[in-house]
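Peer 1: Pasting a structure below so you can have a look.
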Amino acid sequence: MNHRVVVGMEVHLQLRTKSKMFCRCPVRFGAPPNTLVCPVCLGMPGSLPVPNRDAMILALSAATAMGCTLADETKFDRKNYFYPDLPKGYQISQYDRPLATGGAVEIVAESGVKRVRLRRLHIEEDVGKSLHDDEAGVSRVDFNRAGTPLVEIVSEPDIASPEEARAYLQALRALVQYLGISDGNMQEGNLRCEPNVNLHIDADGRRYETPIVEVKNVNSVRNVERAVRSEVARHLAEFQAKGPAFCEEPRSTRGFDDARDATFVMRGKEAAHDYRYFPEPDIPPIRIGSAWRAEALARVPELPDSRRRRFVAQYGLNDYDAEGICRERETAEYFESVVKAGAAPKPAANWILTELAREANERKATIAGLGVSAPRLAALVGLVESGRVARAAALKELLPRLLRGDADPAALVAELGLAMIEDDALLREAAREAVARNPKAAEDVRSGKEKAYGPLMGAVMRKMQGKANPDSVRRVLKAILEDR
Ligand code: ZN
Ligand code: MN
C-alpha cells in the first residue's frame, strides 16, 4: 500500500499598518480590551468602511515578491457567518476577484529546493477575540483585533510531507520579515496557518483519496509539522480500519491539541456557498494602476530565495546552511558583515548557525542582537582558521567573553594564554620527553605502526595544555623518531 501526502496551506498574515483595514483605529497588540474600537470596526449600522491604502500597498508588495499576477481590478465581498467575535455578522473579504493569483514560494526541505505554487492572495479583515474564563463560567469578547488588515495566502496542494509543511511556513515567514510587512510572530497570532491534509493511497490496483481535513489552531512552526504528521498517521490508521469507506466520509475541520500531539474534530467543513458571499456594497471595485504597482515593487528588497542562491554561488555555502543564514534578514546581513570583515565564509556560517544560534535561542534574542560585532566574530574565526587558537579553546574561553561584551579577541588570547605554541624548541623538548617515556610506542612507530603516534601525540598535547597544533606536533615527533 503506497501513499502520497498531499498538503495545501492557507495562511493568514496580519499586516503591519498603523491603522485598521477599514477605519482609523490603531493596530496594536496587548492594549486593554475594547479600547481600540469605533463604530466601523464594531459594525454599527450606518458606519462606512474606507479601505486602507497602506494595507493595499503592503499586500501588493507581498504578491509582487511571490511572483503573483496582480489583478487589474479587485473588489471586496461580504462573507456572511455568525460568530460572537464578528459583530457585523459578516467579514469583509474578497471572493471572486482577489488581489492576486498564481505565484510561488520556494522552500528548502531535506528533499531539496522546491517550488510550492500559490493559488491566490487576498485581503480581508481580522475578527475579534473570544476569551473564555472557565472558572467564572463566562466568555468575554475583545474587539481590539476586529478589522486588523490580513492577507490570506492559499497554496496549491504541492506540499508532500510534514517537513515540507514546516519549511513552507519558515519560507513564508522569512519572506514577510524581509518585506517588513508583518512581524510574522505566530505566538501573537500575526501569522496563522491552516494545513489542508489528505492522502492519495494506491491499494488493490486503485487510487483512493482520503477526505480532506483542515487543521486549525496551529500556533508554531514546529506544530505545523507535528499536526501534519499526526494527521498522516490518523488517515493511514483510519484507512486500514475502515478501508475505502473512509474515503466517502465528508471533509472536516479539526483542531490541533499541542499537549496530546493529535487533532480533534471541530465541525464539518463549510463550502463557499454556506457563506452567501455577495459584493460589499459600501466599497466600489478598486483599479490597481501602474503607480501602485511601481510603489509595491519599490518596497521589495533582495528576498530570501535570491539571497540564498547568491550565498551559495558567491560564498560556497550549501543550500541548507544558506537557508539557515537567510531565514532572518538581520542574520543574513550580519553574516555578510562578518565575511566583509575578513572571515572565511564557511567557518563563519558554521559559528553563526551553531554556537551563536544556540546562545540566541537561550537568551530568546536574535543572532545579530547578541552583541558580538561582525569584526569581533571575524577576528575569532580568523584566529581559529589560522591555527593560532584551538577551536575548543575559542569555544570554551573566547566566545563566552565576547558574548559578555569583551572587545578584542586578540587581546583576550594574550590575557587568557590561549595562543597555540608554535615555538619549535618547546615542542621538540616535549616530544623528546614523550618518546623517552613511551619507548614501546616509539618502537612501534619506528617499525611502521602509524597508530602508535596516538599516545605520543597525546603526551605532547597534554604537556602543551592542548595549545599545540596537531600537525606541528606530528611533524616534530616524526623528525625525532626518524632521528633527523
Ligand atoms: Zn475602528
Ligand atoms: Mn480567511
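Peer 1: Sort out which residues of region 44-74 are touching a residue at least 40 places away in the same chain (Cβ under 8 Å), within 10 Å of ligand 1 (Cβ to nearest atom) and among the small types (G, A, S), and write them in order of number.
Peer 2: none
Peer 1: In region 377-394, which residues are surrounded by 16 or more Cβ atoms within 10 Å (Cβ to Cβ) and farther than 10 Å from A343 by Cα?
Peer 2: V384, R388, V389, A390, A393, A394
Peer 1: Determine whether region 343-352 contains at least one residue that is within 26 Å of I107 (Cβ to Cβ), of a type in the set (K, R) and under 18 Å from the mean Cα position of the chain (by Cα).
Peer 2: Going through region 343-352, the residues within 26 Å of I107 (Cβ to Cβ) turn out to be 345-346, 348-352.
Restricting the remaining residues to those that are of a type in the set (K, R) gives 346.
When the remaining residues are screened for being under 18 Å from the mean Cα position of the chain (by Cα), the result is none.
Among the residues of region 343-352, not one is within 26 Å of I107 (Cβ to Cβ), of a type in the set (K, R) and under 18 Å from the mean Cα position of the chain (by Cα), which makes the answer no.
Peer 1: In a loop (DSSP other than H, G, I, E, B) and either more than 16 Å from ligand 2 (Cβ to nearest atom) or touching a strand residue (DSSP E or B) at 6+ places or on another chain (Cβ under 7 Å) (or both): is that true of R4 in this structure? Break it down stepwise before answering.
Peer 2: Details: in a loop (DSSP other than H, G, I, E, B): no; either more than 16 Å from ligand 2 (Cβ to nearest atom) or touching a strand residue (DSSP E or B) at 6+ places or on another chain (Cβ under 7 Å) (or both): yes.
In short, no.
Peer 1: Looking at region 106-120, I want the residues that are acidic (D, E) and have a partner that is assigned to a strand (DSSP E or B) with Cβ atoms under 7 Å, at least 6 apart or on another chain. Which pairs are those?
Peer 2: From region 106-120, the pairs are E106/V113; E106/R115.
Peer 1: Sticking with this one: Please tell me if L236 is buried (at least 22 other Cβ atoms within 10 Å of the Cβ) and not in a strand (DSSP E or B).
Peer 2: no
Peer 1: Looking only at region 91-116, count how many residues are of a type outside the set (D, E, K, R), assigned to a strand (DSSP E or B) and either within 19 Å of M66 (Cβ to Cβ) or within 16 Å of ligand 1 (Cβ to nearest atom) (or both). Give the steps one after another, and end with the answer.
Peer 2: Start the filter on region 91-116 by keeping residues that are of a type outside the set (D, E, K, R), which leaves 91-95, 98-105, 107-109, 111-113, 116.
Cutting the leftovers down to assigned to a strand (DSSP E or B) gives us 91-93, 100-101, 104-105, 107-109, 112-113, 116.
Then drop every residue that is not either within 19 Å of M66 (Cβ to Cβ) or within 16 Å of ligand 1 (Cβ to nearest atom) (or both), which leaves 91-92, 100-101, 104-105, 107-109, 113, 116.
Residues in region 91-116 being of a type outside the set (D, E, K, R), assigned to a strand (DSSP E or B) and either within 19 Å of M66 (Cβ to Cβ) or within 16 Å of ligand 1 (Cβ to nearest atom) (or both): 11 in total.
Peer 1: Among E164, E135, E188, which is over 16 Å from the mean Cα position of the chain (by Cα) and either at pLDDT 95 or above or of a type outside the set (F, W, Y) (or both)? Reasoning before the result, please.
Peer 2: Working: E164 fails: over 16 Å from the mean Cα position of the chain (by Cα); E188 fails: over 16 Å from the mean Cα position of the chain (by Cα).
Testing whether each residue is over 16 Å from the mean Cα position of the chain (by Cα) and either at pLDDT 95 or above or of a type outside the set (F, W, Y) (or both) leaves just E135.
Peer 1: Step by step: first the residues of region 9-38, then only those that are not hydroxyl-bearing (S, T, Y) and not in a loop (DSSP other than H, G, I, E, B), then the one that is nearest to ligand 1 (Cβ to nearest atom). Which residue is that? Can you show your working first?
Peer 2: Start the filter on region 9-38 by keeping residues that are not hydroxyl-bearing (S, T, Y), which leaves 9-16, 18, 20-34, 36-38.
Now drop any that are not not in a loop (DSSP other than H, G, I, E, B), which leaves 9-14, 26.
Working: M9: 30, E10: 26, V11: 25, H12: 19, L13: 20, Q14: 15, P26: 9 Å.
So, considering only residues that are not hydroxyl-bearing (S, T, Y) and not in a loop (DSSP other than H, G, I, E, B), the one nearest to ligand 1 (Cβ to nearest atom) is P26.
Peer 1: Select from region 417-434 the residues that are surrounded by 14 or more Cβ atoms within 10 Å (Cβ to Cβ) and in a helix (DSSP H, G or I) and list them in ascending order. Even if it seems obvious, please write down each step before you answer.
Peer 2: From region 417-434, those surrounded by 14 or more Cβ atoms within 10 Å (Cβ to Cβ) are 418-421, 426-432, 434; that's our starting set.
Once the filter is applied, which keeps residues that are surrounded by 14 or more Cβ atoms within 10 Å (Cβ to Cβ) and in a helix (DSSP H, G or I), region 417-434 yields L426, L427, R428, E429, A430, A431, R432, A434.
Peer 1: Then there's this: How about region 177-191: which of its residues are in a helix (DSSP H, G or I) and either within 12 Å of V11 (Cα to Cα) or of a type outside the set (A, V, I, L, M, F, W, C) (or both)?
Peer 2: Residues of region 177-191 in a helix (DSSP H, G or I): 177-179.
If the condition is that a residue be in a helix (DSSP H, G or I) and either within 12 Å of V11 (Cα to Cα) or of a type outside the set (A, V, I, L, M, F, W, C) (or both), then Q177, Y178 are the ones that fit.
Peer 1: When the residues of region 126-156 are filtered to those that are within 15 Å of P98 (Cβ to Cβ) and charged (D, E, K, R), which remaining residue is surrounded by the most Cβ atoms within 10 Å (Cβ to Cβ)? If you could, list the steps in order and put the result at the bottom.
Peer 2: Initial filter on region 126-156 (within 15 Å of P98 (Cβ to Cβ)): 149-156.
Remaining after also requiring charged (D, E, K, R): 152, 156.
Details: E152: 20, E156: 15.
Out of the qualifying residues, it is E152.
Peer 1: Within region 132-158, can you find the residues that are under 19 Å from G189 (Cβ atoms), in contact (Cβ under 8 Å) with a residue 60 or more places away in the chain and either polar (S, T, N, Q) or away from ligand 2 (no atom under 16 Å from the Cβ) (or both)?
Peer 2: Across region 132-158, the qualifying residues are R140, D142, F143, N144, T148.
Peer 1: Within region 67-122, take every residue that is among the hydroxyl-bearing types (S, T, Y) and more than 20 Å from the chain's Cα centre (by Cα) and give me the one that is nearest to ligand 2 (Cβ to nearest atom). Outline the logic, then answer.
Peer 2: Initially, region 67-122 is screened for residues among the hydroxyl-bearing types (S, T, Y), giving 69, 74, 81, 83, 90, 93, 95, 101, 111.
Next cut, more than 20 Å from the chain's Cα centre (by Cα) only: 69, 74, 81, 83, 90, 93, 95, 101.
Details: T69: 20, T74: 16, Y81: 11, Y83: 13, Y90: 13, S93: 6, Y95: 11, T101: 16 Å.
Applying the filter and picking the extreme gives S93.
Peer 1: State yes or no: is V215 surrounded by 21 or more Cβ atoms within 10 Å (Cβ to Cβ) and in a helix (DSSP H, G or I)?
Peer 2: On the way: surrounded by 21 or more Cβ atoms within 10 Å (Cβ to Cβ): yes; in a helix (DSSP H, G or I): no.
No; evaluated as a whole, the condition is false for this residue.
The values are calculated or read from the model by the stated rules, or taken from the named source; none is laboratory data. Note that the structure is a prediction, hence the values are computed from the model and not measured. Here Cβ is always computed from backbone atoms with ideal geometry, including for glycine, and neighbour counts include all displayed protein chains.
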